[in-house]
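> Following this message is one structure expressed as structure tokens.
Please treat every number below as a calculation from the coordinates, not as lab data. All values reported here derive from a predicted model rather than from experimental measurement. Methodologically, a virtual Cβ is constructed for each residue, glycine included, from the backbone with ideal geometry; neighbour enumeration extends over all protein chains shown.
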Amino acid sequence: MMRIEIREAEIKDSPLILRFIKELAIYEKAGDLVETTVERIEESIFGSDSTTHSIICLIDGEPVGFAVYFVPRRFICITEV
């Protein structure tokens, strides 16, 4: 039986996330359009001001996919009239 695990990505997963991005781009025949780097992924997903998050999917301990999502920041301003 396969063991499926979904976990929160960590900064050490940045090279893996880049690999998945490149593999998807190649599949979509757009491999030459990938311009990001491990460093940019680290900053955009794991930076202190980031609202972006990522999860990694593993099957039997092997990474097979990822997802990126964000939680928008909402500010409520209450003023008295």
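> Can you tell me the order of 39-45, 20-26 when each peptide is scored by its average per-residue count of other Cβ atoms within 10 angstrom, highest first?
For the peptides 39-45, 20-26, the packing ranking is 39-45, 20-26.
> Quick one: work out Rg over Rh on the C-alpha atoms of the chain, Rh as Kirkwood radius.
1.14
> Set the Förster radius R0 to 35 Å, insert the Cβ-Cβ distance between residue 69 and residue 27 as r into 1/(1 + (r/R0)^6), and round the FRET efficiency to 0.05.
0.95
> Hey, another quick one. With each run of n ≥ 4 DSSP H residues scored as -39500 (n - 2.57), what mean residue ellipticity at 222 nm is computed for the chain after dividing by its residue count and rounding to the nearest 500 deg cm²/dmol?
-8500 deg cm²/dmol
> On to the next question. Can you give me the C-alpha center-to-center distance between region 43-60 and region 1-32, rounded to a whole angstrom?
Using only Cα atoms, the two centres lie 11 Å from each other.
> Then there's this: Rounded to whole Hz and in sequence order, give me ³J(HN,Hα) for region 38-46 from the Karplus expression 6.51 cos²θ - 1.76 cosθ + 1.60, θ = phi - 60°, writing x for Gly and Pro.
Running phi through 6.51 cos²θ - 1.76 cosθ + 1.60 with θ = phi - 60° gives 4, 4, 5, 5, 4, 6, 6, 9, 10 Hz.
> Further question: To the nearest 20 debye, what charge dipole does the chain have about its Cα centre, counting +1 at the Cβ of each Lys and Arg and -1 at the Cβ of each Asp and Glu?
With Lys and Arg at +1 and Asp and Glu at -1, about 160 debye.
> To continue, here is another question. Excluding residue 56 itself, what net charge comes from residues whose Cβ is under 11 Å from its Cβ, given Lys and Arg +1 and Asp and Glu -1?
Result for the local shell: -3.
> Using the Cβ atoms and a cut-off under 13 Å, what net charge is assigned to the surroundings of residue 3, where Lys and Arg are +1 and Asp and Glu are -1?
-2
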